[in-house]
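**Student:** After the structure tokens below, expect a handful of questions from me.
The values are calculated or read from the model by the stated rules, or taken from the named source; none is laboratory data. Everything numeric here is computed off the predicted structure, so don't read it as measured data. Please note: Cβ atoms are built from the backbone with ideal geometry, for glycine as well, and neighbour counts cover all protein chains shown.
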Amino acid sequence: MAKSINKRWIKKHLSDTYVKQAKKMGFRSRAAFKLIEIDEKYGLIRPGLTILDLGASPGSWSQVVSRKLKQKKKLIEKKIVAVDILPVSPIEGVEYVQGDFLERETTEKIIKVFNNYKIDLILSDISPNLSGVSVADSSRINYLGELVLDFCYHNLNVNGTVLLKTFQGSGYSQLVEKYKQVFCQVFRKKPDSSRSESAEVFVLAKNLKNRVV
Ligand SMILES: C[S@@+](CC[C@H](N)C(=O)[O-])C[C@H]1O[C@@H](n2cnc3c(N)ncnc32)[C@H](O)[C@@H]1O
């Protein structure tokens, strides 16, 4: 049973247009198109910004950032940092920090890599390990969303932006409300390249409210 589901998944994955397109364009994952789509609408990736890519492996979001800034010939100007528990093969202009974002040691490493300067754009495509037990999974997902929010509160530039992948389920609306308490503008986006059967959704939040700089 599990084998046939697996086979079906592989067949579907291989016939997926975004998978084919990613391969053709040299992106490490179809996830690249989710960021491209959101960036096209909101213009997130701009020269002169410091950028943190959380849950970066295998690296397609960092590739999108690197390629876009390289086109604008500004890549080396500012720091781009990719973080993941798993390895990320080198990407031009991107520094890599290996670590678990849930651990304090990792957040301290990130802050150090940015020399204690505030970050302009935080991208989080982290997918926590899910158990299949919906109550437990929702609580992990929401906890992660809150940790990212707390990290933003302390480390994001006041005019900065965060893009958070999360999942619609129990506690999702409350999580969005928490972002609204901290940010002036909060949008929700389900890119066309995000599989319709997936509960994943992206929260985009801009400009921190009331933080003492
Ligand atoms: C959907 S993938 C990210 C894909 C990536 N954005 C790309 O475009 O290639 C989710 C990633 O989150 C990472 N991850 C899960 N939990 C994490 C954690 N606590 N800290 C850091 N990374 C984590 C996983 O290792 C995985 O590589």
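**Student:** Do you know which residues across region 140-158 are aliphatic (A, V, I, L, M) and either closer than 21 Å to residue 109 by Cα or in contact (Cβ under 8 Å) with a residue 40 or more places away in the chain (or both)?
**Tutor:** Matches in region 140-158: 144, 147, 148, 149, 156, 158.
**Student:** Answer yes or no as to whether residue 20 is charged (D, E, K, R), more than 19 Å from the chain's Cα centre (by Cα) and either at pLDDT below 95 or more than 15 Å from the ligand (Cβ to nearest atom) (or both).
**Tutor:** It is true that residue 20 is charged (D, E, K, R), more than 19 Å from the chain's Cα centre (by Cα) and either at pLDDT below 95 or more than 15 Å from the ligand (Cβ to nearest atom) (or both).
**Student:** I'd like the residue in region 115-174 that is of a type in the set (Phe, Trp, Tyr) and within 16 Å of the ligand (Cβ to nearest atom) and, out of all such residues, is farthest from residue 197 (Cα to Cα).
**Tutor:** It comes out as 151.
**Student:** Looking only at region 82-99, count every residue that is touching a Ser or Thr at 6+ places or on another chain (Cβ under 8 Å) and surrounded by 13 or more Cβ atoms within 10 Å (Cβ to Cβ) and tell me the total.
**Tutor:** 11
**Student:** Ok, one more. Of all residues in region 159-181, count the ones that are in contact (Cβ under 8 Å) with a residue 12 or more places away in the chain and over 18 Å from residue 42 (Cβ atoms).
**Tutor:** Going through region 159-181 one residue at a time, the tally reaches 10.
**Student:** From the residues in region 23-42 that are buried (at least 18 other Cβ atoms within 10 Å of the Cβ) and of a type in the set (A, V, I, L, M, F, W, C), which one is nearest to the ligand (Cβ to nearest atom)?
**Tutor:** Residue satisfying both the conditions and the ranking: 31.
**Student:** Can you pull out the residues in region 122-149 that are among the acidic types (Asp, Glu) and within 30 Å of residue 49 (Cα to Cα)?
**Tutor:** Those that are among the acidic types (Asp, Glu) and within 30 Å of residue 49 (Cα to Cα): 125, 146.
**Student:** Can you tell which of 118, 165 is crowded, with 16+ Cβ neighbours inside 10 Å and in contact with a Leu (Cβ under 7 Å, 6 or more places away or on another chain)?
**Tutor:** So the residue among 118, 165 that is crowded, with 16+ Cβ neighbours inside 10 Å and in contact with a Leu (Cβ under 7 Å, 6 or more places away or on another chain) is 118.
**Student:** Next question. Would you confirm, using the coordinates I've provided, whether residue 175 is among the aliphatic types (A, V, I, L, M) and outside any strand (DSSP E or B)?
**Tutor:** Judged against the criteria, residue 175 is a match.
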